[in-house]
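In what follows, a single structure is set out as structure tokens and then discussed.
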Amino acid sequence: MSLLTKSAIRSSSGYGCRIGVRPLVQQLRFNSSTNPNNSNETTHFGFKTVNKEDKEKLVGGVFSSVASKYDVMNDAMSMGVHRLWKSHFINRLDAGMRPGSNRGLDFLDVAGGTGDIAFGLLDHAERKFNDTSSTMTVADINADMLREGEKRFQSTRWNDGSDRVKFLVQNGEILDQIPDNSKDVYTIAFGIRNFTDVQAGLNAAYRVLRPGGIFACLEFSQVDNPAIDYIYQAYSFSLLPLMGQLIADDRDSYQYLVESIRKFPKQEEFKSMIEKAGFYVPEKGYENLTFGVAAIHIGVKL
Amino acid sequence: MIGNRIASRGSLSVANLSQTRQFVLTAAVTAIGSLLFSENNRLASKMEEGELHNKFNERRSNVVDKPLFTRPQPNYPGHIPLYTYEKLLMFVGSSIGSFFHPERNEFIVALGESSAISPILRALQRKMLADPTGRQILRERPRMTSTSLDLEYLRQLPTNSIGNTYVRWLDREGVSPDTRVPVRYIDDEELAYIYQRYRECHDFYHAVTGLPIIIEGEISVKVFEFMNIGMPMSGLGALFAPLRLKKSQKERLYNIYYPWAVKSGLNSKPLINVYWENILEQDIDEFRKEMGIETPPDLRNLRKAYFEKLKKEKKIV
């Protein structure tokens, strides 16, 4: 069993920030050594090895600490390209209630905390198809990220009291508050990488989608071209944590981010996992963006 | 004659021989090579290496698992060994950040660690090693944590003791002696400890000189530190930080506090060699006289007097 060091959770700065962090680390150590049901199964947390049951809490700690500066950091790190990725993702999905159909669509955006994909989807549906009846459920395991999304929701035009948009704190691997066969579109952007059990997340996606429903995943992936890969890795391992340190005062969370990108399965392997969950994956099943830095994976539940 | 014939034949046959040798060598190489590197042999060695049947999977997984960017091993827990270009970038980024936002701790931390280059820390290490108390500090490596300084005990000490002055300064400024951020980017282990010690003693320098934590007070302490200890970050702060201040603040700094800081810093004994934890009961005036530190005029009172004067002037005018 490996020990969790304080560097696995963000280091604190200034006065008094350390108090919240130390008890968490001590508590995790206490639990894992005295719990008789400890299965001792380990998984990766970036490049570190941690107990499977601890990964969720560690990831939760990371996202609670990045929540407030999330969008600023995304813009700084990707130099704005993440906006292009996300709008291409939304345009390609082209989701919305077509004129002449009798019911609106039910969207589910998982790990959608701050809500940019969710609002983008609704916006696209309304602008392109005049769809004002589709519903959107934003689910995120982290309440702090969800709170950021709710804050942003207050100023959007969907905050009109019509109950179209719901925010739920849900674990993407279980989705216990979402009934089977109830959603038409399941989207997850830059979230599935943080799941402890990615296959369970895909299986849950399969469960909640209606037949004919679409699973769409936008995630960081591996770059094929070795020359570009070298530049990309040098950039992500040296500059991104430095930006995290100077802009967000949190080097460790961004170090975790770049390490978790390396650990995520390659395009073909992830495509096989989607097929294993039961989805039909149309050839070729994924689209590389920016040389493979990000990839869109699609699956259809038949 | 025979010799001539032989010689003549020899010259011809030497040429012949070299040509023959060339031909023979080439033919031999080709023949043996084709035996050694025949298609079957090549495929057999590939199969031995495991490249023949698992060619697609093996190669792919090897390419992905080996990270192209690796760091050297850390020298102490929490150490992040940075490459030179990263330290440079951190220096540039944090100096811009700390100029515009000196209140944000992360910029000061990054600027300090990226500018505390090896030669300077080594000079400081030599200074410490030359003094018996400095050597004791390096041997025992005391760290100031929230538990190592018992505030209640310090409050009970006589008023003129160092510990009591420190605790009263903390109360007056409204801060607590929380642990300072651990050093992470300095490569040598002992130099990292020296920098950590410098960081943790900062509050004591404030307490001994009586300077508050407002920006003018911090700048003054930084100049004092720079003149005494020589950390580049404090020097940079002394040069650039006052540029953002108001005119009245600048006047006060340049006319009163800078001359005091330079004189006191240069004339006093090295502050890095003070074992603060052991002298908490010592009388502070004795300590100041021993070290050669003068106290500057009280900054908060000066500012209060200045603002009252302004108020009066506004009332009159």
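So what is the relative contact order for the stretch B:84-314, in percent, with contacts set as C-alpha pairs under 8 Å and at least six apart?
Working: 232 pairs, mean separation 52.4, N = 231.
The value is 23 percent.
Within 13 Å, Cβ to Cβ, of A:Glu150, how many net charges do the neighbouring residues add up to if Lys/Arg are +1 and Asp/Glu are -1? Mind dumping the intermediate values first?
Values: positive: A:Arg147, A:Lys151, A:Arg152, A:Lys166; negative: A:Asp140, A:Asp144, A:Glu148.
Residues near A:Glu150 contribute +1 overall.
Taking amide hydrogens as modeled 1.01 Å from N in the peptide plane, which residues meet the under 5 Å criterion relative to A:Ala294, leaving out close sequence neighbours?
Result for A:Ala294 returns A:Ser221, A:Leu289.
May I ask you to give the average projected area over all directions of the convex hull of the Cα atoms of the stretch B:195-277, in nm² rounded to one decimal? Before the final figure, lay out each step's value.
Working: hull surface 20.6 nm².
If you wrap the Cα atoms of the stretch B:195-277 in a convex hull and average its projections, you get 5.1 nm².
What list of ³J(HN,Hα) values in whole Hz, one per residue of the stretch A:40-49 in order, does the Karplus curve 6.51 cos²θ - 1.76 cosθ + 1.60 (θ = phi - 60°) give from phi, with Gly and Pro shown as x?
Residue by residue, the stretch A:40-49 yields 6, 7, 10, 9, 9, 10, x, 8, 8, 10 Hz.
To the nearest whole percent, what portion of all C-alpha pairs in the stretch B:84-314 is separated by more than 21 angstrom? Mind dumping the intermediate values first?
Values: 15398 of 26565 pairs.
When all Cα pairs of the stretch B:84-314 are counted, 58 percent exceed 21 Å.
By how many nm would the segment from B:Leu25 to B:Asp150 grow when fully extended, if each residue of separation counts as 0.36 nm and the alpha-carbon distance is taken off? If you can, show how the numbers build up before the last one.
On the way: separation 125, 0.36 × 125 = 45.00 nm, distance 8.90 nm.
Gain in length upon complete extension: 36.1 nm.
Within chain B, which is the longest segment containing none of the trypsin sites (Lys or Arg not before Pro) that sit in a DSSP loop and have at most 14 other Cβ atoms within 10 Å?
Details: sites that count: B:Arg143, B:Lys246.
Within chain B, the longest run free of exposed trypsin sites (Lys or Arg not before Pro) spans B:1-142.
Let's see if you can work this out: charge +1 on each Lys and Arg Cβ, -1 on each Asp and Glu Cβ, no other charges. What is the dipole magnitude of the stretch A:153-248 about its Cα centre, in debye to the nearest 20? Don't skip to the end; give the middle numbers.
Numbers: 7 positive and 10 negative charges, 54 e Å.
Around 260 debye, computed over the stretch A:153-248.
Please figure out what share of the DSSP beta bridges in the protein assembly as shown is antiparallel and state it in percent, rounded to the nearest 5. Walk me through the numbers on the way to the answer.
Details: 17 of 37 bridges.
Rounded to the nearest five, the antiparallel share is 45 percent.
I'd like to know which of A:Val198, A:Asn288, A:Leu209 lies farthest towards the positive end of the charge dipole of the stretch A:179-288, counting +1 on Cβ of Lys and Arg and -1 on Cβ of Asp and Glu.
Towards the positive end, the residue furthest out is A:Leu209.
Based on the Cβ-Cβ distance from B:Lys66 to B:Ile120, what FRET efficiency comes out when R0 is 35 Å, to the nearest 0.05?
Working: r = 37 Å, r/R0 = 1.06.
Working from the Cβ atoms, E equals 0.40.
How large is Rg/Rh for the protein assembly as shown, to two decimals, with Cα atoms and a Kirkwood Rh?
Numbers: Rg = 33.9 Å, Rh = 29.7 Å.
When Rh is taken as the Kirkwood radius, the ratio is 1.14.
To the nearest 0.05, how large is the calculated FRET efficiency for A:Thr43 and A:Trp158 if R₀ is 35 Å and r is the Cβ-Cβ distance?
Details: r = 37 Å, r/R0 = 1.06.
Computed FRET efficiency for A:Thr43 and A:Trp158: 0.40.
Suppose every Lys and Arg Cβ carries +1 and every Asp and Glu Cβ carries -1, with no other charges. What dipole size does chain B come out with about its Cα centre, to the nearest 20 debye?
Dipole size: approximately 1320 debye.
Could you give the dipole magnitude of the protein assembly as shown about its Cα centre, charging the beta-carbon of Lys and Arg +1 and that of Asp and Glu -1, in debye to the nearest 20? Don't jump to the answer; show the numbers that get you there.
Values: 79 positive and 73 negative charges, 305 e Å.
Dipole size: approximately 1460 debye.
Taking amide H atoms as placed 1.01 Å from N in the peptide plane, list the residues 5 or more away in sequence, or in a different chain, whose amide H sits under 5 Å from that of B:Leu211.
Close amide H contacts, sequence-distant or interchain: none at all.
What does the charge count around B:Asn75 come to, taking other residues whose C-beta lies under 12 Å from its C-beta (Lys +1, Arg +1, Asp -1, Glu -1)?
Numbers: positive: B:Arg71, B:Arg184; negative: B:Asp187, B:Asp188, B:Glu189, B:Glu190.
Taking every other residue near B:Asn75 into account, the sum is -2.
Dipole of the protein assembly as shown (Lys/Arg Cβ +1, Asp/Glu Cβ -1, origin at the Cα centre): which of B:Asn41, B:Gly210, A:Leu302 lies farthest to the positive side?
Ranked along the dipole, the leading option is B:Gly210.
Apply the Karplus curve 6.51 cos²θ - 1.76 cosθ + 1.60, θ = phi - 60°, to the phi angles in the stretch A:291-302 and return the couplings in whole Hz, x for Gly and Pro.
Coupling constants for the stretch A:291-302: 6, x, 4, 10, 8, 9, 10, 10, x, 10, 8, 8 Hz.
How many angstrom lie between the C-alpha centres of the stretch A:142-190 and the stretch B:169-205?
Distance between centres, Cα-based: 44 Å.
Calculate how large, on average over all directions, the projected area of the Cα convex hull of chain A is; give the answer in nm² to one decimal. Don't jump to the answer; show the numbers that get you there.
Details: hull surface 66.6 nm².
For chain A, the mean projected area of the Cα convex hull comes to 16.6 nm².
At 0.36 nm per residue, minus the direct Cα-Cα distance, what do B:Lys315 and B:Arg139 gain on full extension? Give it in nm, one decimal, please.
57.3 nm
For A:Ala139, which sequence-distant residues (separation of 5 or more, or a different chain) have an amide H within less than 5 Å of its own amide H, given hydrogens modelled in the peptide plane?
Under 5 Å from the amide H of A:Ala139 lie the amide H atoms of A:Asp109, A:Val110, A:Ala111, A:Gly112, A:Leu168, each far enough along the sequence or on another chain.
Dipole of the protein assembly as shown (Lys/Arg Cβ +1, Asp/Glu Cβ -1, origin at the Cα centre): which of B:Val223, A:Thr156, B:Tyr76 lies farthest to the positive side?
Positive-most Cα among the choices belongs to B:Val223.
Just from its helices, what would the mean residue ellipticity at 222 nm be for chain B, if runs of 4 or more DSSP H residues each count -39500 (n - 2.57) and the sum is divided by every residue, rounded to the nearest 500 deg cm²/dmol?
On the way: 17 runs with 209 residues, N = 317.
Calculated from helices alone, the mean residue ellipticity at 222 nm is -20500 deg cm²/dmol.
Measure up B:Lys250/B:Lys315; A:Lys128/A:Lys166; B:Lys263/B:Lys311; A:Lys128/A:Lys183 against 31 Å on the Cα-Cα distance and list the ones that go over. Kindly include the intermediate steps, with their values, before the conclusion.
Details: B:Lys250/B:Lys315 25 Å; A:Lys128/A:Lys166 22 Å; B:Lys263/B:Lys311 34 Å; A:Lys128/A:Lys183 21 Å.
Where the Cα-Cα span goes over 31 Å, the pairs concerned are B:Lys263/B:Lys311.
Read-outs throughout are calculated quantities, based only on the coordinates presented, and are distinct from any laboratory measurement. Because the structure is predicted, anything quoted here is derived from the model rather than measured. Here Cβ is always computed from backbone atoms with ideal geometry, including for glycine, and neighbour counts include all displayed protein chains.
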